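Peer 1: Quick one: structure below, then a few questions.
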Amino acid sequence: MRPQSWTDMSEGCFMPEEARCRAWSEAQLWNGSVVLHLRRHDPFFTVTDSMSDETDISHDQHAVRRQKLEELRAAGSDPFRANVKPTHFSAEAIAAHVEGEDNAITVTVAGRIVTRRDMGKSQFVKILDQEGIIQLYVKKDVIGEEVYPIFKKLDLGDFIGVTGTLFKTRTGEITVRAESYTLVTKALRPLPEKFHGLTDPDQRFRQRYLDLIVNKESRDRLITRSKIVSHIRRFLEDRNFLEVETPVLQGVAGGAAARPFDTHHNALGADFVLRISLELYLKRMLVGGFDRVFEIGRNFRNEGISRRHNPEFTMLEVYEAYGDYRTMMEMVQGMLRTLCDDVLGTSKITHAASGEEIDFAADWREVPYKDLIREKTGDAGWFDLSKEDKTAKAKELGCKVEADWEEFEITNEIFSKLIEPNLIQPTFVTHLPKELCPLAKLNLDDPSVLDVFELIIGGMEIAPAYSEQNDPDVQRAMFEAQAGGEQQNVDQDFLTALEHGMPPAGGMGIGIDRLCILLTGAESIRDVILYPQLRPEATSGKAES
RNA sequence: GGGUCGAUAGCUCAAUCGGUAGAGCAGUUGACUUUUAAUCAAUUGGUUCAGGGUUCGAGUCCCUGUCGGCCUACCA
């Protein structure tokens with residue numbers, strides 16, 4: 001509040017009224033125009049005016065609302081001690097109206113006031129609840145002579161409950177004719193602008209609640225995300241997959257190559273890391289006799305933040321005993337197609353970045369990794385080239401190549417920079433080089449590649465899947481090669497589990513956030529995560545002032 | 001982490017060559033009993049992100065910092 005910020009100011013900054021007048025006057029002398037700038041709306045500037053100015057709070061919306069709250073409390077009604085029992089959500093109430101039968105059905109709806117059109121002795125008000133917006137028509141001679149002036153004092157942002165009958169307005173909007181109302185929460189701060197909403201990305205993410213109130217796209221996008229997750233859960237449960245929860249705090253961060261977050265447990269006196277994948281603990285479930293398991297959970301990777309990366313993100317991982325990467329291929333195709341039908345109501349979406357239409361119902365291309373590389377480089381013998389020749393060719397194609405890279409890294413740079421971004425339609429890229437993943441089975445015919453696929457849609461990797469490695473000795477060798485001699489990074493307990501026997505299995509992961517980017521047409525991962533990670537604010541002032 | 005662009009009223013945005021910050025919405029007051037970004041009249045509201053510098057004079061130019069966008073790097 002204002003007086004608070006004044007006390008925060010240093011003595012030197014505080015300027016008494018008379019001194020301020022003097023400063024003003026001096027300022028006017030510089031440009032020669034005197035009276036008009038002194039006080040725009042009051043040429044007869046006097047001491048009494050300056051005093052009344054300090055009690056005028058009409059410019060301070062927070063103060064105005066606090067005063068209204070105090071007036072309500074003084075009159076014996078405290079909005080923070082009131083409640084209502086809604087009978088309908090907004091959408092239900094609208095659906096309940098029977099065409100041609102106005103004022104036949106009585107409902108109680110509740111929500112936040114988001115718009116108001118005041119016409120003197122009646123007004124239209126719209127309230128927002130989880131299901132959307134419903135309009136209220138508040139008429140002085142319906143709601144009551146005494147109540148109406150109090151209703152008019154409500155502010156945008158207040159929560160109210162309203163009971164009344166449903167009718168259709170002249171312009172065709174189903175509306176509640178309010179017979180009574182209850183203020184159930186006073187909003188002490190104003191809402192952002194009704195038409196343009198909130199645009200500052202910083203504020204949208206830090207104060208997501210405001211974004212959700214005023215920006216319908218944000219609201220719809222996050223509802224869609226919820227439906228996507230719900231659909232996936234149902235899809236898997238219908239196929240006998242069991243949802244389980246595995247530890248976030250782990251001794252060794254396995255299942256992916258990423259820097260973890262470090263943390264510490266006080267009572268155990270032990271250091272832990274936050275998980276970077278779900279993989280190794282879900283596979284232990286296969287060892288434990290659960291044939292079909294999945295988890296939808298948060299992973300944490302201590303890396304840079306970008307349009308496609310948030311430090312914490314949600315993964316689905318699915319494991320199916322007696323399956324392989326080919327059964328996973330069928331499953332993910334079925335999952336995404338039904339997802340489009342059920343959640344989006346269409347098999348076609350527009351890829352936001354390219355404008356190209358993606359059709360999930362059409363046949364999905366399947367192509368080996370090596371074929372794509374040969375195609376892109378125009379060199380059928382690419383994989384037989386020397387490292388020097390690969391380097392030269394890659395640079396020719398516009399890739400940067402670091403001196404200490406292995407050959408597969410040069411090749412993969414071509415894939416990730418030149419090929420993947422251009423795979424817009426759903427594409428299964430199969431049989432990746434064995435160096436790219438230590439957890440999958442080698443292909444029987446070509447042991448330089450893996451029995452895996454990566455599903456690419458819209459230029460993004462959406463789902464990798466493997467025929468899971470279950471040979472404990474091969475797995476140990478792969479881990480040790482990857483750890484590069486750092487034994488503490490090898491999950492020994494997992495290898496012991498494999499020695500007890502893990503059935504052959506197909507496994508798959510889906511980055512839920514990236515899937516949501518794709519399906520909602522979002523520009524950034526921050527748009528599909530409710531509270532994306534931001535740098536903590538240095539000053540605590542602004543939000544609470 | 002590096003590069004680059006940005007931060008002005010509660011919100012959305014203006015401000016010419018460096019000349020002393022203005023509009024819409026919201027708020028306040030008034031009119032209007034079926035409105036749709038309702039309309040009409042009047043009106044309040046500013047530490048121009050913070051701190052320094054140049055200048056008679058800085059929202060504007062320079063430096064430093066904070067936070068954010070985009071690109072990039074680490075990473076699937």
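Peer 1: Please list, ordered by chain and number, the residues whose modelled amide H lies under 5 Å from the amide H of A:PHE272; skip anything fewer than 5 residues away on the same chain.
Peer 2: Answer set, sorted by chain and number: A:THR263, A:HIS264, A:HIS265.
Peer 1: Kindly write out, for segment A:262-278 in residue order, the coupling ³J(HN,Hα) from the Karplus curve 6.51 cos²θ - 1.76 cosθ + 1.60 (θ = phi - 60°), rounded to whole Hz, with x marking Gly and Pro.
Peer 2: Here the 3J(HN,Hα) series is 9, 8, 8, 9, 5, 5, 7, x, 10, 7, 10, 10, 7, 4, 10, 7, 9 Hz.
Peer 1: I would also like to ask the following. Relative contact order for chain A: what percent, with Cα pairs under 8 Å and sequence separation of 6 or more? Provide the component values of the computation, followed by the final result.
Peer 2: Numbers: 891 pairs, mean separation 60.6, N = 545.
It comes to 11 percent, rounded to a whole number.
Peer 1: Modelled label-to-label distance, A:ASP384 and A:ASP493, 7 Å Cα→beta-carbon offset: nm?
Peer 2: The modelled label-to-label distance comes out at 4.9 nm.
Peer 1: A follow-up question, please. I'd like the FRET efficiency for A:THR338 and A:ALA96, computed as 1/(1 + (r/R0)^6) with the beta carbon distance as r and R0 of 30 Å, rounded to 0.05.
Peer 2: Values: r = 30 Å, r/R0 = 1.01.
For R0 = 30 Å, the calculated efficiency reads 0.50.
Peer 1: Too long at a 27 Å Cα-Cα cut-off: which of A:LYS348/A:LYS434; A:LYS68/A:LYS139; A:LYS194/A:LYS348; A:LYS153/A:LYS194; A:LYS283/A:LYS434; A:LYS168/A:LYS216?
Peer 2: Values: A:LYS348/A:LYS434 34 Å; A:LYS68/A:LYS139 22 Å; A:LYS194/A:LYS348 32 Å; A:LYS153/A:LYS194 19 Å; A:LYS283/A:LYS434 20 Å; A:LYS168/A:LYS216 24 Å.
As for pairs spanning more than 27 Å Cα to Cα, those are A:LYS348/A:LYS434; A:LYS194/A:LYS348.
Peer 1: Also, quick follow-up: Order the peptides A:283-296, A:352-365, A:256-269 from the highest to the lowest mean number of other Cβ atoms within 10 Å of their residues.
Peer 2: Values: A:283-296: 19.1, A:352-365: 13.6, A:256-269: 11.6.
Ranking the peptides A:283-296, A:352-365, A:256-269 by packing returns A:283-296, A:352-365, A:256-269.
Peer 1: Which whole-Hz ³J(HN,Hα) couplings does segment A:371-384 yield from phi under the Karplus relation 6.51 cos²θ - 1.76 cosθ + 1.60, θ = phi - 60°, glycine and proline marked x?
Peer 2: Coupling constants for segment A:371-384: 5, 5, 5, 4, 5, 5, 7, x, 10, 4, x, 3, 6, 9 Hz.
Peer 1: Treating only the Cβ of Lys, Arg, Asp and Glu as charged (+1, +1, -1, -1), what charge dipole size does chain A show about its Cα centre? Round to the nearest 20 debye.
Peer 2: Working: 66 positive and 89 negative charges, 495 e Å.
That gives a dipole near 2380 debye.
Peer 1: How big is the gap, in Å, between the Cα center of segment A:322-361 and the Cα center of segment A:137-214?
Peer 2: 39 Å
Peer 1: So what is the diffusion coefficient of segment A:142-271 in µm² per second by Stokes-Einstein at 4 °C and 1.567 mPa s, using a Kirkwood Rh over Cα pairs? Could the numbers behind the result be given before it?
Peer 2: Working: Rh = 20.8 Å.
Once the numbers are plugged in, D ends up at 62 µm²/s.
Peer 1: If we count other beta carbons within 10 Å of each Cβ, what is the order of A:THR55, A:THR496, A:THR377, fewest first? Please list the in-between numbers first.
Peer 2: Numbers: A:THR55 6, A:THR496 12, A:THR377 21.
Least to most surrounded, the residues fall as A:THR55, A:THR496, A:THR377.
Peer 1: So what's segment A:201-328 giving for Cα Rg divided by 2.2 N^0.38 Å, two decimals?
Peer 2: Values: Rg = 17.6 Å, N = 128, 2.2 N^0.38 = 13.9 Å.
After normalising by residue count via 2.2 N^0.38 Å, the value is 1.27.
Peer 1: Beta carbons within 10 angstrom, averaged per residue: use that to sort the peptides A:446-454, A:79-87, A:204-212, A:423-431, highest first. If you can, show how the numbers build up before the last one.
Peer 2: Details: A:446-454: 19.7, A:79-87: 14.0, A:204-212: 17.1, A:423-431: 21.2.
Final packing ranking: A:423-431, A:446-454, A:204-212, A:79-87.
Peer 1: Taking chain A as the reference, fit the longest principal axis to its C-alpha atoms, fit the long axis of helix A:387-396 to the helix C-alpha atoms, and give the angle between the two in degrees, 0 to 90, nearest 10.
Peer 2: In chain A, helix A:387-396 runs at an angle near 40 degrees to the longest axis.
Peer 1: Let's test this: bin the Cα-Cα distances of segment A:494-540 at 5 Å from zero up to the farthest pair and state each bin's percent.
Peer 2: Over segment A:494-540, the share of Cα pairs per 5 Å bin runs 5, 15, 13, 11, 10, 9, 11, 13, 8, 3, 2, 0 percent.
Peer 1: Apply the Debye scattering formula to chain A, with a single equal point scatterer on each alpha-carbon and no solvent, then give log10 I(q)/I(0) at q = 0.10 Å⁻¹.
Peer 2: -0.98
Peer 1: Taking the highest mean first, how do the peptides A:172-185, A:314-327 order by number of other beta carbon atoms within 10 angstrom per residue?
Peer 2: Values: A:172-185: 18.6, A:314-327: 21.1.
Peptide ranking by packing, descending: A:314-327, A:172-185.
Peer 1: Taking only DSSP H segments of four or more residues, each worth -39500 (n - 2.57), what value at 222 nm results for chain A once the sum is divided by all its residues, to the nearest 500 deg cm²/dmol? Intermediate results must be reported in sequence, preceding the final value.
Peer 2: On the way: 20 runs with 184 residues, N = 545.
Computed ellipticity for chain A at 222 nm equals -9500 deg cm²/dmol.
We did not get these values from a lab; they are worked out from the coordinates using the rules stated. All values reported here derive from a predicted model rather than from experimental measurement. Ideal geometry is used to build each Cβ from the backbone, glycine not excepted, and the neighbour counts take in all protein chains shown.
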